[in-house]
Amino acid sequence: MNWETVIGLEVHVQLATKSKIFSGAPTAFGAEPNTQACAIDLGFPGVLPVLNREAVNMAIKLGLGIQASIEKKSVFARKNYFYPDLPKGYQITQHDLPIVKGGHLDILLEDNSIKRINITRAHLEEDAGKSLHDTFPGSSGIDLNRAGTPLLEIVSEPDMRSAKEAVSYLKALHSLVRFLEICDGNMQEGSFRCDANVSIKRPGDTKLGTRAELKNINSFRFVEHAINHEIQRQIDILESGGKISQETRLYDPDKDETRSMRSKEDANDYRYFPDPDLLPLTLTDKQIQEIKSTLPELPQEKHQRFLDQYHLSAYDATVLMSSRALADYFESVVAIVSNDHAKLASNWVAGELAAALNKDNIDITDSRISANTLGQLVLRIADNTLSSKTAKTLFEALWLDGGDVDQLIEAKGLKQVTDTKAIQALVQKIIDDNPAQVADYRSGKDKLFGFFVGQAMKESGGKLNPQQLNDVLLETLNQNR
Amino acid sequence: MALTAADIKQIAHLARLNIAEHDIPLYTEQLSRIVDFVEQMNAVPIDFSTLISASDEPNTPLRADTVTEIDQRELLQSIAPHTAAGLYLVPSVLDDKTPKDIDYVE
Amino acid sequence: MWNKTVAELSRALQNKAISSVELTTLFLARIKQHDHKINSFITVTDELALNQALDADKKIATGQAHPLTGIPIAHKDIFCTKGVKTTCGSKMLDNFTSPYDATVVEHFKAAGMVMVGKTNMDEFAMGSSNENSFYGPVKNPWDLERVPGGSSGGSAAAVAASFAPASTGTDTGGSIRQPAALSGISGIKPTYGRVSRYGMIAFASSLDQGGLFAKTAEDLGLLLNVMAGHDARDSTSIDEPVPNYTATLNQPIKGLRIGLPKEFFNPNLDSKMAAVIETAVKEYEKQGATLHEISLPNSALAIPAYYVIAPAECSSNLARFDGVRFGHRCKDPVDLEDLYKRSRSEGFGKEVIRRIMIGTFALSSGYYNAHYLKAAQIRHLIRDDFHRAFNEVDVIMGPTTPGPAFKLGERTNDPISMYLSDIYTIAVNLAELPALSIPAGFIDNLPVGLQLIGNRFDEVRLLNMAHRYQQCTDWHLNIPGDF
């Protein structure tokens, strides 16, 4: 039977502020337990919250980055529930009136097409602490260093139809927040965390199925596993005549399964109400414009410019924009090779370079080949000094040992042969060495043309200009046909 | 409105309070009276178009993103009921069904 | 010396007629001798006070003193005081030594005032009689069988009994003005946001406001000069310049318009109380002020709205008392739920539990709109009532309480009748306005107060009017006989 999957994601992005959202305690990761939890973070009697300006600015940046509405008035509310990692017995969060409403993110699908995922809202809130379970038998240890770290919770519409789409969306959002420099994106440290709402329905049904909320899926790989596992679980239930219950399920990466966390009967009543310790957050157009002017260029704008200015495909542009540093690198290369060769530059940055970075697990900012060097290399391809084959050889050499492009071309003899007489001599040699194949070709076996090209390239060490070789080969072989 | 004993138990649970069984009738009676008393409010229709003060709320102030707090763990934990290795200790929040590296906010 | 005002003591210290150490010793001795009768202190900080007095004397000797340097003050035990037990009148915080000072405590310290101790109060400031304290009820110095009012009952009684010339209090629904009236002293609740709430343990954050008790309006002005001011640590603190509250105390009040809300002077008002207020108001008329009947049509809704908003906020504010990081923790909890439920039920008293229950219910799904949202709307109506009234008059006057102090135990079993004792004070908190209460006479040998309500940030005018009244009356000079 056919089922359609409906997925919406809630992503908790830790904002990269120096201090907490409501206190002056530091936010650095990995400190000794409770050394970064001040009286305010611990909810001591009498303490009060004061909102961090930078957290607000970062929320505005995200809103601008997804082309959302930045709300002129947003309100912090208290979400009341008891848990040891929540010191005050309530979480300060934006409920009815979030700072960001609407917006969208375009994602790249596997078939290289682009899909628009709508975003419902993004709101500011404080992170909770952590419970540690291993150290003291029968007890949980509470570390509140993380309590009060600013979070931006970004809630998507249920627009995704597969686990792969969910991963694409998550990757696009991950790249956006890093692009905007509002989050370090470190998923292992919990800087970027994801919950997924998953349901299934019959294709064509307008009504959504009952959903399960999956929590604790904090890596791209887990997201895909957890969602696929959940989809299968729901299909199994429905196909055996059962009913899905609305519930929160926790993903256990060790066992690769989801488990029910609490039943509906135990549903929490969060008793939201506006936090009387904080007044409404009001923003003016001027403030929003000021933030906008600090952004060099919005990702969506940059994307459009890559299409217009460099005539790249949407796919190429999306790949290059997976991080701001990669996009900057690409533009540095284009600055050397000129817009005419932007497509070629794009192929090298997104292709060979990205693969090498990936293979050695190096960040673009630490690339072993500078944008300047890669630009020289691309120039030598563009002016036919290098063939694509010799260019790859040269790239590998540069990646391993560095060096100057032109010197290495000289030293390694990688210069492409463009002297027609030399090519004619080589072609004649190939013809002389392979009389049988020549005869077959001349009697109509056109497919053998590739054989001659291969022989010539092999003979020359890949240094022939392919177009010239083609021309000479055709001319010579067809002489007596 | 009349609250029931079940209401009282549910409210007490939400507020994480124990109410002794023999006190429930008293709470039920008193809270019902208080609720009746406060529900006098609902007799009043409110015309928002005439409200003057609703629109002049001040803006919440913003602080600079600078670290102003130093580590005071020793002082702050000196009055804590139960700590070890710098952690606040509570009865285990793990049940046998919960994975160990759980990390999410509600 | 012990019955002098802050202003008089300030002069005596400056003139070296007495040292701060002598003065402090004197008040500490009075507390030791008499407080067992009224139980107004939870903690007396003898040693700390004498050290502060020594420092104060050094400052005075070198001519670096502030006018308040060396003068003793008592703080309501709701204000966090670094290194000193801060209980909020609750078993929950019986073991709590604050790691930091409240902003207002810092202000008074910086001025060189000497803290003699922490005063008794209704637990978490919930109450109108000071019978809800874990440390036992406070008794009224005028009649030991009666309540001093609440929740700042200890602070009011301590000043009435001359254990300190001044004290701090907090007022969420009348908790300064009502005990000031019932204890026969002066008390001011400033405009919401005028005084920092940082370090003041929260009951109902949108209503709580720190304020003062003293014998005279002049003293309130001297102290408010130090207490008031913007605090960047309190988002609801208002960044308005602080005027000199004592500069205009003597200004003539001729031509000022006094509003008398007809809702306050209805037939239900006790005739003796009505007579007291009438006499007081006549005094103002004599000085050239004019009287005007005004209307605060929604004032009857203030109490029901208050008893939704305050418990709702308190139910959330008090969730942090969970036995994990500070405060009372039950013995040997079997699991997390047991830790929470037993720690909280053992640590909180009956009234606190009752209000947490009401607030939890009012916020719970299905009742939020009918309760909390409705109350918030009524709050706007009440603000608007005052807003309109202050277009017509400069100050509003009326009784502070329906009658004089009631007997201990008289209302403890009837929460609603207790709530109704705040009928004249609560609307002011909902409207965030400044108000003060000054002694205006006696009913059956018990003091009662006149309430003056001002427009936002008009404390200057309230103090001016109260001072003018005290220049030609002597109700505020009466002292309870046993002290």
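We did not get these values from a lab; they are worked out from the coordinates using the rules stated. No experiment lies behind these values; they were computed from the predicted model shown. Neighbour counts run over all protein chains shown; Cβ positions are idealised from the backbone, glycine included.
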- With 0.36 nm assigned to each residue of separation and the Cα-Cα distance removed, A:T210 to A:T282 gains 22.2 nm
- Task: Would you tally the net charge around C:N132, using a Cβ to Cβ cut-off of less than 9 Å, leaving C:N132 out, and scoring K and R as +1, D and E as -1?
- Result: -3
- Item | Computed [θ] at 222 nm, deg cm²/dmol, chain A (DSSP H ≥ 4; -39,500 (n - 2.57); rounded to nearest 500) | -12000 deg cm²/dmol
- Query: Net charge near A:R53, counting Lys/Arg +1 and Asp/Glu -1 over other residues with Cβ under 13 Å of its Cβ?
  - Reply: +1
- Longest DSSP-loop-exposure-free segment, trypsin sites (Lys or Arg not before Pro), chain C, at most 13 other Cβ within 10 Å: C:17-253
- Message: Kirkwood hydrodynamic radius, the range C:315-406, all distinct C-alpha pairs: what's the number in Å?
- Response: 17.0
- Which aspartates and glutamates have a Cα less than 16 Å from the Cα of C:K215, not counting those fewer than 8 places away in the same chain? C:E8, C:D474
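Only four residue types carry charge here, +1 at the Cβ of Lys and Arg and -1 at the Cβ of Asp and Glu. Report the dipole size of the range A:358-411 about the Cα centre in Debye, rounded to the nearest 20.
My answer is approximately 240 debye.
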- Message: Per residue of the range A:326-337, what does 6.51 cos²θ - 1.76 cosθ + 1.60 with θ = phi - 60° give for ³J(HN,Hα)? Whole Hz please, x for Gly and Pro, Karplus curve as stated.
- Response: 5, 5, 5, 4, 4, 5, 5, 5, 4, 4, 7, 8
- Taking only Cα atoms of chain C, the Rg to Rh ratio with Kirkwood Rh works out at 0.95
- Task: Could you tell me which of rounded, prolate or oblate describes the range C:127-234, using a ≥ b ≥ c as the square roots of the eigenvalues of the alpha-carbon gyration tensor, with rounded for a/c under 1.5 and, failing that, prolate when a/b is larger than b/c and oblate otherwise?
- Result: oblate
- Query: So if we plug the beta-carbon distance of A:T420 and A:L109 into 1/(1 + (r/R0)^6) with R0 = 56 Å, what FRET efficiency do we get, rounded to 0.05?
  - Reply: 0.75
- Which residues' amide hydrogens lie under 5 Å from the amide hydrogen of C:R146, considering only partners 5 or more residues apart or on another chain, with H built in the peptide plane? C:N140, C:L408
- Message: Taking R0 as 51 Å, what FRET efficiency do you get between A:A382 and C:H230 from their Cβ-Cβ distance, rounded to the nearest 0.05?
- Response: 0.20
- Query: From the residues A:N216, A:G148, A:I430, which one has its Cα farthest along the dipole of chain A in the positive direction, the dipole being from +1 and -1 charges on Cβ of Lys/Arg and Asp/Glu about the Cα centre?
  - Reply: A:I430
- Message: What's the magnitude of the charge dipole for chain A around its Cα centre, counting Lys and Arg as +1 and Asp and Glu as -1 at the beta-carbon? Answer in Debye, nearest 20.
- Response: 660
- Note on the structure: In the neighbourhood of A:G209 defined by beta carbon distances under 11 Å, the net charge of the other residues (Lys, Arg +1; Asp, Glu -1) is +3
- Query: Under 5 Å between amide H atoms, partner at least 5 residues away or on a different chain: which partners does A:I119 have, H built in plane at 1.01 Å?
  - Reply: A:G103, A:H104, A:L105, A:E157
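Pairs of lysines 8 or more apart, or on different chains, with alpha carbons under 23 Å: count those in the range C:319-462, would you?
4
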- To the nearest µm²/s, what D does Stokes-Einstein give for the range C:186-289 at 25 °C and 0.890 mPa s, using the Kirkwood radius over alpha carbon pairs as Rh? 150
- Under the Karplus relation 6.51 cos²θ - 1.76 cosθ + 1.60, θ = phi - 60°, what is the ordered set of whole-Hz ³J(HN,Hα) values for the range C:459-467, x standing for Gly and Pro? 3, 3, 5, 4, 5, 4, 5, 5, 5
- Note on the structure: Over all pairs of different Cα atoms in chain A, the reciprocal of the mean inverse distance gives a Kirkwood radius in Å of 26.5
- In whole angstrom, largest first, the equivalent ellipsoid semi-axes that the Cα gyration tensor gives for the range A:297-411 are 23, 16, 11
- Item | Check: the range A:1-143 dipole with +1 on Lys, Arg Cβ and -1 on Asp, Glu Cβ, in debye | 660
- Item | Amide proton proximity set for A:E4, modelled H, under 5 Å, gap of 5+ | A:K201, A:R202
- Task: For A:K72, list the lysines whose Cα falls under 21 Å from its own Cα; do not include residues on the same chain fewer than 8 positions away.
- Result: A:K61, A:K101, A:K286, A:K292
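Please give the calculated 222 nm ellipticity per residue for chain C, where each DSSP H segment of at least 4 residues contributes -39500 (n - 2.57) and the sum is spread over every residue; nearest 500 deg cm²/dmol? Present the calculation step by step, with values, prior to reporting the outcome.
Details: 15 runs with 179 residues, N = 483.
After summing the helix terms and dividing by the residues of chain C, the value is -11500 deg cm²/dmol.
For each pair in A:K20/A:K302; A:K18/C:K76; A:K18/A:K88, compute the distance between the two Cα atoms and list the pairs where it is over 28 Å. The partial results should precede the final answer.
Working: A:K20/A:K302 31 Å; A:K18/C:K76 36 Å; A:K18/A:K88 22 Å.
Among A:K20/A:K302; A:K18/C:K76; A:K18/A:K88, the Cα-Cα distance tops 28 Å for A:K20/A:K302; A:K18/C:K76.
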- Task: Would you list, by chain and number, the lysines whose Cα falls below 17 Å from the Cα of A:K415, excluding same-chain residues fewer than 8 positions away?
- Result: A:K389, A:K392, A:K458, A:K463
- Message: Run the numbers for A:K359 and A:S313: contour at 0.36 nm per residue of separation, minus the present Cα-Cα distance, in nm.
- Response: 14.1 nm
- Query: Over the protein assembly as shown, what lengths in whole Å, largest first, do the semi-axes of the equivalent ellipsoid take, defined as the square roots of 5 times the eigenvalues of the alpha-carbon gyration tensor?
  - Reply: 73, 31, 27
- Say R0 is 51 Å: what FRET efficiency, to the nearest 0.05, do C:L54 and C:E392 get from their beta-carbon distance? 0.45
- Message: What distance in nm separates the two pseudo spin-label positions at A:S69 and A:R116, each 7 Å out from Cα along the beta-carbon direction?
- Response: 1.6
- Query: How many nm separate the modelled label positions at A:S293 and C:K254, each set 7 Å beyond the Cα in the direction of the Cβ?
  - Reply: 5.6
- Message: Given the range C:72-133, report the % of alpha carbon pairs whose separation exceeds 15 Å.
- Response: 48
- Query: Which loop-located GluC sites (Glu not before Pro) does the range A:57-140 contain, where loop means any DSSP state but H, G, I, E or B and the Cβ has at most 10 other Cβ atoms within 10 Å?
  - Reply: A:E110
- Task: Name the residue farthest towards the positive end of the dipole of chain A from the options A:H225, A:G450, A:L344, assuming +1 on Cβ of Lys and Arg, -1 on Cβ of Asp and Glu, about the Cα centre.
- Result: A:G450
- Item | Phi to ³J(HN,Hα) by Karplus 6.51 cos²θ - 1.76 cosθ + 1.60 over the range A:280-291, Hz, x for Gly, Pro | x, 8, 10, 10, 9, 4, 4, 4, 5, 4, 4, 5
